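Quick one: the structure is below, and I'll ask about it shortly.
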Amino acid sequence: MNGNSSTAGKPIRCKAAICRKAGDRLVIEEVIVAPPSRHELRIKIICTALCQSDVIFSKLVDPPAIYPRILGHEAIGVVESVGEDVTGVKPGDTVIPTFMSDCGDCADCHSEKSNLCSTLPFNITPYMPREDKTRFTDLNGNPLYHLFYISSFSEYTVVDKNYFVKIDPSFPPDRACLLSCGVATGVGAAWRTAEVEPGTTVAVFGLGTIGLAAAEGARLCGAKRIIGVDVNPDKFEMGKKFGLTDFVNPKTCGDKSVSEVILEMTNGGADYCFECVGMASLVEEAFACCRHGWGKTVVLGVDKPGTPLKFSSTDVLRGHKILTGALYGGLKAKRDVPILCKRYLDKELQLDEFVTHSVKFEEINKAFDLLEEGKSLRCVIWMDK
Ligand SMILES: [Zn+2]
Ligand SMILES: [Zn+2]
């Protein structure tokens, strides 16, 4: 065990927001956070942001639903103590937890092409990545389950050494926490997965935080035209600061499908399409209006597990188009998050514009209301203010 603080090696009693039942408001309770085991570190959370997936998991009835659970997976914190076999990080360091492993040592981590670490593959479990156990218990000694290996709606949490990236402590924490999930996913999808080139045309389906971040990523890469697709017309104005140049509302397309409208607007299709809603039919629409010859469609939305996609094999053969998914936007946390931080400090990458609200930890349910009412992009929840 390695740590300077008086708490190292001991359980910590602190506050956490718990989702006890599907659809319930979160309740703040005292919990016990175990000390980090081998390969783990315990973090004191500075602030955390609410992502759409937290809302989805707070209402989920069927598996992978499990309760009681500590949600939250966009965060930044300070290392309180580290377990055995953890190198390169020490108590007092500032870190961002991530939901994808970056072991740095497997075939995927060695490859420039993949961020799907094969040592600890992406998986939705309610436990730690290396063993089916939790590090949280309530005051009755019952387990409280994890979400995405992060569970940041707690003053302290335990994460695995493959699931964090160290950052400069002077970086604004309420901007840094966005790089754990949503904003990083959208920006990464344009930058690392699609590799959007200057002068190209992009279509983004769904203008929530991930879609707007995909637009922002495309803008950063120099796309000339960025077409946003959303049923809420207010999103066009909101999206302009992230580079949107055009807008299509599926409700006002008349007899035409969205893909037909975009094919006409672009004279043959967009170079890059991003599906950010999680609807199989929209993936098909996006694929239909990405340009033949080289068009690339990137799927970021999460549809119900097992939902099939329908394509004509002749169209696939003749179209020469690419369809791919991009967990975490294809980013490798340890390589890419520091680059995104630098681009923010150099005033290239916009992060401030995504933070529309902030609340105290006690008001965490307000963050849920704001997101569900469509009023916020990211609401930052401060643990200590
Ligand atoms: Zn790996
Ligand atoms: Zn998320």
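All of the numbers you see were taken from the coordinates with simple rules; none came from a lab. Fair warning: this is a prediction, and the values are worked out from it, not measured in the lab. Ideal geometry is used to build each Cβ from the backbone, glycine not excepted, and the neighbour counts take in all protein chains shown.
Tell me, what is the percent relative contact order of region 12-102, built from C-alpha pairs under 8 Å that lie six or more residues apart?
31
Something else about it: Give me the net charge for the shell around G182: Cβ to Cβ below 11 angstrom, other residues only, Lys and Arg +1, Asp and Glu -1.
-1
Among L207, F311, G217, flag the residue with its Cα farthest along the positive direction of the charge dipole of region 183-329, charges on Cβ as +1 for Lys/Arg and -1 for Asp/Glu.
Checking the options against the dipole of region 183-329, the answer is G217.
Right, here's the next one. Report the Cα centroid-to-centroid distance between region 221-278 and region 63-109 in angstrom, as an integer.
One Cα centre to the other: 36 Å.
Ok, one more. Would you list E30, E284 from fewest to most Cβ contacts within 10 Å?
Values: E30 11, E284 17.
Neighbour counts put them in this order, fewest first: E30, E284.
Now for a separate question. Given charges of +1 on the Cβ of Lys and Arg and -1 on the Cβ of Asp and Glu, with all other atoms neutral, how large is the dipole of region 120-195 about its Cα centre, in debye to the nearest 20?
Approximately 160 debye in magnitude.
Something else: Between helix 333-345 and the chain, what is the angle of the helix's C-alpha long axis to the longest principal axis, kept within 0 to 90° and rounded to the nearest 10?
70
As a quick test, which of the pairs K15/K366; K59/K366; K240/K321; K10/K161; K304/K366; K113/K334 have an alpha carbon distance above 23 angstrom in this structure?
Beyond 23 Å between Cα atoms: K240/K321; K304/K366.
Using Cα pairs under 8 angstrom and six or more residues apart, how large is the relative contact order of region 183-329, in percent?
Relative CO of region 183-329 lands at 25 percent.
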